[in-house]
1. Could you size up the charge dipole of the range 85-216 around its Cα centre, putting +1 on the beta carbon of Lys and Arg and -1 on that of Asp and Glu, and report it in debye to the nearest 20?
2. Please say if the range 84-149 is rounded, prolate or oblate, where rounded means a/c under 1.5 for a ≥ b ≥ c the square roots of the C-alpha gyration tensor eigenvalues, and otherwise the choice is prolate for a/b larger than b/c and oblate otherwise?
3. Filter the GluC sites (Glu not before Pro) in the range 1-70 down to the DSSP loop ones having no more than 11 other Cβ atoms within 10 Å, then list what survives.
4. Need one word for the range 137-224: rounded, prolate or oblate. Basis is the Cα gyration tensor (sqrt eigenvalues a ≥ b ≥ c); a/c below 1.5 gives rounded, then a/b vs b/c decides.
5. Specify the residue with the greatest mean-square fluctuation among Thr210, Thr95, Thr154, computed from a Gaussian network of the chain linking alpha-carbon atoms under 10 Å apart.
6. For Gly97, list long-range residues whose amide hydrogen, built 1.01 Å from N in the peptide plane, is under 5 Å from its own amide hydrogen.
7. Does the chain classify as rounded, prolate or oblate by the C-alpha gyration tensor (a ≥ b ≥ c root eigenvalues; a/c under 1.5 gives rounded; else a/b over b/c gives prolate, otherwise oblate)?
8. Positive end of the dipole of the chain, charges at C-beta (+1 Lys, Arg; -1 Asp, Glu), about the Cα centre: which of Gly75, His96, Ala162 has its Cα farthest in that direction?
Amino acid sequence: MEADPVNDVVTACRALASRGCDTGIGGHVSIRDPERREFWINTFDRTLGEMTRNDVVKLDHDGNNVLDDRFVSLGAEFHAGIYDQRPDVNAIVHTHGFWVTALASLARPLKMRHNLCTLFYEDQVMSPDDSFASIGPTLGMASTILIPWHGGITVGSTVGRAAALHATLEDMAKLDVTLDASGDVPELPEEARLPLRKVIDEMSGYLEQTWDLMTRQAERYVHR
Ligand SMILES: [Zn+2]
């Protein structure tokens, strides 16, 4: 099937909305153009749940909109920065999902309180603030970065992996923040984490299956 990055941005936005990440204006999904230093990204004047093909624009790495003059969030600057520093990254998701933001506001990374948390084990970082000057160097080679008092970013080799990781982060953040009130909750034993991640990601294809699920959720999603 021929690649349709515009459709993929819309699918990811709407699916993330259906998974609780649509908290009003803000948040974006981008996909790298492999042919030139540009990427597709959703505009700022619609919520994630409202996105249609008409709400996807294309930016170059200097922030210029190469298709029209629709406004894209000022925060989109980090997309170009991440693509420049990470050749392995082809898609970036940033939302202010309620639970991701609640976790980020605890100013600590996700605790290992569920087997799916292993998808973030030794692969999540905490930015000191929300400027790209901090986000870029802090991200390093990680897939997930939490931005204190703001939200989260996930990156991936495909839009499916970045979006599925983000939806999983929102779910795991909900579990983590909810359990926090219970005090001393045990975490997954250290030695079980990497083997579990291998089973979940490499052997079960959890993220790819979740992206398939998200495409079905996006089709069913009705914005209210
Ligand atoms: Zn933001």
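Just so it is clear, none of the values below were taken in a lab; they were calculated from the coordinates. None of the values given here were measured: they were computed from a predicted structure. With ideal geometry, Cβ positions are generated from the backbone for all residues, glycine too; neighbour counts draw on all protein chains shown.
1. Using only the charged Cβ atoms, the result is roughly 180 debye.
2. oblate
3. Details: sites: Glu2, Glu35, Glu38, Glu50; in loops: Glu2, Glu35.
Of the GluC sites (Glu not before Pro), the ones in loops of the range 1-70 whose Cβ has at most 11 other Cβ atoms within 10 Å are Glu2, Glu35.
4. Working: a/c = 1.42, a/b = 1.24, b/c = 1.15.
Rounded.
5. Of the options given, Thr210 has the highest mean-square fluctuation.
6. Amide H to amide H, under 5 Å and 5 or more residues apart or across chains, Gly97 pairs with Gly152.
7. Here the chain falls in the prolate category.
8. The Cα lying farthest towards the positive end belongs to His96.
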